[in-house]
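Structure, as structure tokens:
Derivation of every value follows stated rules applied to the coordinates shown; laboratory data play no part. Here the structure is a predicted model, which means the values were calculated and not measured. A quick note on method: Cβ atoms are made from the backbone with ideal geometry, for glycine too, and the neighbour counts reach across all protein chains shown.
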Amino acid sequence: MARPAVTAPAGAWALARVVVGAPASGHGKTTVATGLLAALRRRGLTVSPHKVGPDYIDPGYHALAAGRPGRNLDPWLVGAERIAPLLRHGASVPTPADIAVVEGVMGLHDGAVGRGAYASTAHVARLVEAPVLLVLDTTAQGRSAAALVLGMRAFDPGVRIGGVILNRVGSPRHETLLRDALAEVGVPVLGAVTRAVEVAAPSRHLGLVPVAERAPESLAVVAALADLVESTVDLDAVLDLARTAPPLTVPAWDPAVAVGGPAGTARPVVAVAGGPAFTFSYAETTELLTAAGAEVVTVDPLRDPALPAGTRAVVVGGGFPEVHADALAANIGLRAELAGFDGPVVAECAGLLYLGRALDGVPMCGRLDHTARMTGRLTLGYRDAVAASDSPAHRSGDPVRGHEFHRTVTDPGHGDRPAWRWDGAAHGFVTGRVHASYLHTHWAGHPHAARRLVEAASR
């Protein structure tokens with residue numbers, strides 16, 4: 001049974017919110033979450049999209065559906081104490097949202113390896129005090145689906161499963177069987193999606209194809225997902241469930257407070273790589289750089305022939321340079337400028353590859369003395385790192401939590417001055433004013449990186 005809606009006390013915010021979880025990956029969380037965002041927006045509601053974990057691609061679809069940035073909630077990367085404040089911040093800007101939809105990661109109770117439930121969907125649901133809408137792949141399942149849901153609910157009594165959406169239902173008879181079984185254990189069914197009407201976005205070696213690479217097709221996919229959810233999910237019941245979340249009493253995360261205000265009065269231009277080849281970034285990165293006093297401008301290495309006028313520092317995040325290697329190589333002017341750029345540069349993963357001499361034999365910027373190539377091996381996981389060298393973003397000895405997600409390797413794997421150390425090994429490169437490695441970090445968890453970069457750019 002859904003709890004009655006609650007009223008916020010003074011200073012709190014009765015933000016309706018729901019977490020979309022599942023027993024495992026592949027049950028349809030992204031389909032349901034993206035469809036919910038788009039369908040609720042069609043109703044005229046302001047919706048705030050969020051994603052548990054370090055994923056960059058799903059938030060792109062969320063942003064397209066919601067019309068505002070998709071944001072990540074990852075206790076490993078930013079600390080558990082910042083999760084609810086970051087939710088409140090994301091749901092507040094640019095305008096207050098009517099409802100927040102949080103898509104989970106992997107299975108509901110799957111956390112960081114060796115850390116129990118830490119950084120799991122269940123952990124985040126507890127931190128933001130939101131009910132869970134469980135998406136259940138019912139392929140080849142009958143009454144046993146109720147036992148699975150019952151076990152998911154009992155495993156962690158601190159997580160409230162408020163309803164189920166049945167996915168890949170085979171027939172009306174199959175749906176009736178499932179609804180009857182779930183009624184026995186007191187879990188309401190808020191929707192049922194049949195196999196015949198599934199909508200899928202194309203994927204490749206690191207997951208879904210990013211929105212920026214296929215904008216017209218992505219719009220069509222999101223519209224189809226909205227149609228799907230509108231026709232198969234009880235949106236009023238989902239809203240009622242979301243409104244049972246208690247008021248948020250923590251203050252919103254504030255980038256200006258996090259960085260300690262502007263680093264000076266110079267307002268240096270910081271160019272942040274974007275466009276189809278560099279789609280992996282967190283919205284808070286730009287907010288922190290701006291709060292630290294920078295003028296943030298986007299540069300597209302596929303199309304822009306030069307850095308923005310007055311650029312004093314560059315941030316090159318993650319993405320898929322291997323897919324766009326020839327086009328990146330063809331932009332000779334920007335490659336040459338980056339090769340000789342004497343300002344501070346921070347590069348992660350795709351940025352590491354782009355700054356090297358070559359990627360799969362295709363020339364890149366040559367700023368760093370390494371080559372890179374694709375492999376058949378996926379390197380994936382959270383990392384507990386320590387900065388190994390002073391750089392424009394970190395002081396030597398700074399502890400940082402991040403994650404890796406790539407199928408490439410560099411030769412050599414690190415420079416004489418490595419960027420990081422973890423698990424007893426050196427990783428990445430610090431050369432002059434360049435800090436580059438495979439490690440993805442979330443600067444909301446390490447706001448000193450933004451301030452340090454702006455200070456370096458001002459000098």
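The peptide list 352-361, 69-78, 396-405, put in order of mean Cβ contacts within 10 Å with the highest first, becomes 69-78, 352-361, 396-405. Here the simple spin-label model places points 7 Å from the Cα toward Cβ, and for ASP360 and ALA24 these points are separated by 3.1 nm. Recomputing Cα extents along the principal axes in Å from the coordinates shown identifies the correct label among [x] 62, 60, 38; [y] 67, 50, 43; [z] 63, 52, 49 as [y]. Peptide packing for 25-38, 109-122 was compared via the average number of neighbouring C-beta atoms within 10 Å per residue; ordered from the highest value, the list is 25-38, 109-122.
Centre-to-centre separation between the Cα atoms of the range 240-268 and those of the range 99-176: 29 Å. Between THR249 and THR46, the modelled label-to-label distance comes to 2.5 nm, taking each label 7 Å out from Cα in the direction of the beta carbon. Give the percent of DSSP beta bridges with both residues in the chain that are antiparallel, rounded to the nearest 5. Of those bridges, close to 40 percent are antiparallel.
Listed by number, the DSSP H helices of the chain that run 24 Å or longer by alpha-carbon position along their axis and have mean Kyte hydropathy of at least 1.0 are 215-232.
Does the range 1-104 come out rounded, prolate or oblate, given a ≥ b ≥ c as the square roots of the eigenvalues of its C-alpha gyration tensor, rounded meaning a/c under 1.5 and, failing that, prolate meaning a/b above b/c? Here the range 1-104 falls in the rounded category.
Let me check against my output: what whole-number percent is the relative contact order of the range 25-177, with C-alpha pairs under 8 Å and at least 6 apart?
That works out to 22 percent.
Excluding ALA457 itself, calculate the net charge of residues whose Cβ lies under 15 Å from the Cβ of ALA457, where each Lys or Arg counts +1 and each Asp or Glu counts -1. Local charge sum for ALA457: +3. Which residues in the range 23-39 have a backbone N closer than 20 Å to a point placed 7 Å from the Cα of VAL113 along the Cα-to-Cβ line? Only 24-26 fall inside the zone, counting backbone N under 20 Å. Legend: calculated FRET efficiency, ARG195 to GLU217, from the Cβ-Cβ distance at R0 = 25 Å, rounded to 0.05, equals 0.65.
Working note: 222 nm ellipticity from helices only, DSSP H runs with n ≥ 4, each -39,500 (n - 2.57), summed and divided by the residues of the chain, gives -9000 deg cm²/dmol to the nearest 500.
In percent, rounded to a whole number, the relative contact order of the chain is 15, using alpha-carbon pairs under 8 Å and six or more apart. Taking every DSSP bridge with both residues inside the range 289-448, close to 70 percent are antiparallel. Eigenvalues of the alpha-carbon gyration tensor of the range 385-456, scaled by 5 and square-rooted, set the equivalent ellipsoid semi-axes at 19, 14, 11 angstrom, largest first. Let a ≥ b ≥ c be the square roots of the eigenvalues of the Cα gyration tensor of the range 312-459; is it rounded (a/c under 1.5), or, if not, prolate (a/b larger than b/c) or oblate? Because a/c hits 1.5 or more and a/b fails to exceed b/c, the range 312-459 counts as oblate.
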